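Engineer: Let me begin by handing over the structure; questions about it come next.
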Amino acid sequence: YTNYSLVITDTLSDGLDFTDNSVKVFIGNTELYPGYYCNDGVLTIDLTSALANATADVNSSEIKITYTATLNENAVIGGAGNPNTVSATYSNNPNSEMGGSTDDTGTTPEDKVVVFTYNVIIDKVDENSNALTGAEFKLEKNVNGNWTEITRLTVDQAGDTFTFKGLDDGEYRLTETTTPGGYNTINPVVFTISATHDATADNPTITELTSTLDGAIADENAGTITAEIMNQKGSSLPSTGGIGRTIFFVSGGILVAVAGIILIIKKRMNNAD
């Protein structure tokens with residue numbers, strides 16, 4: 001071929017919005033700069049010119065294409081997920097030097113991948129599992145070893161039930177930023193979300209959804225993880241090594257000293273007799 005055509009077409013689901021200027025293409029370790037555009041959720045990447053001008057060995061190197069997209073209000077939680085399909089149109093006529101016209105190309109079968117997302121639902125309760133209002137929460141995710149804030153939910157947004165939407169697999173930390181009046185603030189709760197998928201199926205699905213959140217109930221079909229977070233009334237016990245322990249040691253020392261004094265007095269009284 002004097003001209004080799006290769007065009008990638010990726011169709012996003014209604015629940016995904018393409019992120020502008022996010023396409024990255026590599027052949028081996030060499031980055032290419034192809035032409036591309038996204039129209040009504042269909043991303044088209046034309047590698048024809050980029051491959052013709054590539055300095056890397058086109059014939060023996062892997063081509064890697066990445067882009068990013070964000071979930072929107074149409075995203076499906078759990079269940080069927082948010083699919084996108086991709087196919088490649090390529091030169092397929094060895095008798096044509098140009099190899100780029102419609103009659104000279106073939107198209108691969110579509111391949112489907114699915115983006116799954118989940119909701120975490122927190123019911124705020126007291127020690128008797130009664131609904132409790134007046135709390136606010138901050139949710140963070142562990143991103144490369146750093147806690148990154150995902151969202152905050154306030155009383156006006158949530159009441160006694162807090163729904164954190166659009167989460168994926170990973171480690172999270174839930175912090176109570178406002179505590180209901182008359183109750184103790186809970187310690188930050190660290191938990192994970194894990195899911196397994198039937199990735200080799202024609203229509204990939206979630207096979208299992210789990211979480212380390214204490215008492216969590218997971219529903220892979222609905223894509224939800226539900227748990228209760230409890231606040232208690234009363235005074236908090238001092239932490240280990242805190243002032244409570246110091247008072248314990250001081251009080252114990254005083255008792256020992258008093259016992260020693262009493263023993264000495266008794267001995268002196270016996271000697272006096």
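The values are calculated or read from the model by the stated rules, or taken from the named source; none is laboratory data. Everything numeric in this text was worked out from a predicted model, so none of it was measured. Cβ: placed from backbone, ideal geometry, glycine included. Neighbour counts: every protein chain shown. Note: accessible area is taken over every heavy atom of the protein model, side chains too, but ligands, DNA and RNA are not part of it. Shrake-Rupley method; radii C 1.70, N 1.55, O 1.52, S 1.80 Å.
Engineer: Can you give me the number of residues within the range 121-154 that are open to solvent by 30 Å² or more (accessible area, probe 1.4 Å) and either more than 23 Å from T68 (Cα to Cα) or not hydroxyl-bearing (S, T, Y) (or both)?
Structural biologist: 21
Engineer: Which residues, taken from the range 12-25, are assigned to a strand (DSSP E or B), open to solvent by 50 Å² or more (accessible area, probe 1.4 Å) and out of contact with any Asp or Glu (no Cβ under 8 Å at 6 or more places or on another chain)?
Structural biologist: Answer for the range 12-25, where residues must be assigned to a strand (DSSP E or B), open to solvent by 50 Å² or more (accessible area, probe 1.4 Å) and out of contact with any Asp or Glu (no Cβ under 8 Å at 6 or more places or on another chain): just D17.
Engineer: While we're on this one: For the subset of the range 190-215 comprising residues that are buried (at least 18 other Cβ atoms within 10 Å of the Cβ) and among the hydrophobic types (A, V, I, L, M, F, W, C), which member is farthest from L132 (Cα to Cα)?
Structural biologist: Top of the filtered list is I206.
Engineer: Hey, among the residues in the range 106-120 that are over 12 Å from the mean Cα position of the chain (by Cα) and open to solvent by less than 40 Å² (accessible area, probe 1.4 Å), which one's nearest to G79 (Cα to Cα)?
Structural biologist: So, considering only residues that are over 12 Å from the mean Cα position of the chain (by Cα) and open to solvent by less than 40 Å² (accessible area, probe 1.4 Å), the one nearest to G79 (Cα to Cα) is V114.
Engineer: Give the residue that is nearest to Q232 (Cα to Cα), with candidates limited to residues of the range 163-174 that are open to solvent by 50 Å² or more (accessible area, probe 1.4 Å) and free of Cβ contacts under 8 Å to residues at least 40 places away in the same chain.
Structural biologist: This residue is R173.
Engineer: Next question. Show me the strands (runs of 3 or more DSSP E) entirely contained within the range 52-162 in which 1 or more residues are of a type outside the set (G, A, S), touching a residue at least 12 places away in the same chain (Cβ under 8 Å) and under 22 Å from T205 (Cβ atoms).
Structural biologist: Per the criteria, 69-71, 82-91, 111-115, 118-125.
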